[in-house]
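Scroll down for the structure; my scribbles are underneath it.
We did not get these values from a lab; they are worked out from the coordinates using the rules stated. This structure is a prediction, so every number in the text was calculated from the model and none was measured. Every residue, glycine among them, receives a Cβ derived from its backbone with ideal geometry; neighbour counts consider all protein chains shown.
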Amino acid sequence: MAAMAGLTATGPVRGGDEKEERGGGGDGRTGMSVVRVLIVDDDPLVRAGLSMILSGDDVVTVVGQAADGAEVPDAVARHQPDVVLMDIRMPGVDGLAATETLRRRPGAPEVLVLTTFDADEFVLRALRAGAAGFLLKDTPPGQIRDAVVRVAQGEAALSPSVTRQLIAHVAAATPAAPGPDPGRGRAETLLARLSTREREVALAVAQGRSNAEISTELHMSVATVKAHVSRVLTKLDLNNRVQVALLVHDAGLA
């Protein structure tokens with residue numbers, strides 16, 4: 001994993017605890033039956049299409065829209081979304097800067113990045129900043145809705161195969177530095193904080209396992225899995241499951 005030198009997880013942003021594993025966000029919206037979504041994209045047709053896709057049932061509702069990353073702080077304060085669908089490429093403040101700023105704030109909503117594969121390195125930067133996953137803009141409507149709901153529930157909307165493809169793509173474009181990989185060493189040091197059971201859970205999270213799947217695989221209750229995931233996030237000082245997966249990749253364990 002020496003080629004991963006440029007992908008090391010830096011200090012995490014702690015813009016709101018993961019809703020499922022850490023008992024709910026700091027904004028008091030936990031337990032809501034309807035997921036509130038803010039759409040951020042500079043293309044009005046994309047915003048209209050996403051709004052139509054996400055407004056077809058009683059589970060998800062679009063509460064607001066923004067055309068630029070600069071509008072995000074005010075839009076979030078005004079509309080109080082649970083999830084922000086964030087485009088990357090916008091002419092003013094791009095989605096990466098907006099995500100980094102937003103996720104530093106207490107009680108921040110979850111962020112789902114909207115992108116295409118020609119922006120892989122930007123996606124990884126967004127995930128490092130605390131985004132819960134990403135969607136391709138040609139994702140089928142039903143999958144977009146499902147991803148929004150999963151993220152609102154504290155799950156990650158990023159499949160293991162896509163994670164590997166992203167990391168492989170960026171690693172191939174990043175020449176390995178000579179000598180020891182400081183990123184891998186740091187990741188290994190962080191993971192050494194975990195107990196044997198917590199490490200097993202972290203590896204399962206990195207493989208894209210849900211709590212129910214981890215429960216079956218490791219022969220423990222779902223409640224126990226959630227408790228372990230919560231301790232993993234706290235011990236590693238990470239924001240969500242995606243960051244756990246990236247750290248495990250950095251350590252060369254997945």
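Which shape class, rounded, prolate or oblate, goes with segment 27-109 when its Cα gyration tensor gives a ≥ b ≥ c as root eigenvalues, a/c under 1.5 marks rounded, and past that a/b bigger than b/c marks prolate? Since a/c reaches 1.5 but b/c is at least a/b, the shape of segment 27-109 is classed as oblate. Quick check: from the Cα gyration tensor, does segment 202-242 come out rounded (a/c under 1.5), prolate or oblate? The shape class here is oblate. The overall shape of segment 44-155, judged from the alpha-carbon gyration tensor, is rounded, with an a/c ratio under 1.5.
Take 193-201, 105-113 and order them by the average number of nearby Cβ atoms within 10 Å per residue, most first; the result is 105-113, 193-201. Taking other residues whose beta carbon is less than 13 angstrom from the beta carbon of Val59, and scoring Lys, Arg as +1 and Asp, Glu as -1, yields -1.
Between Arg104 and Asp237, the distance separating the two model label sites (each 7 Å from Cα on the Cα→Cβ line) works out to 1.6 nm.
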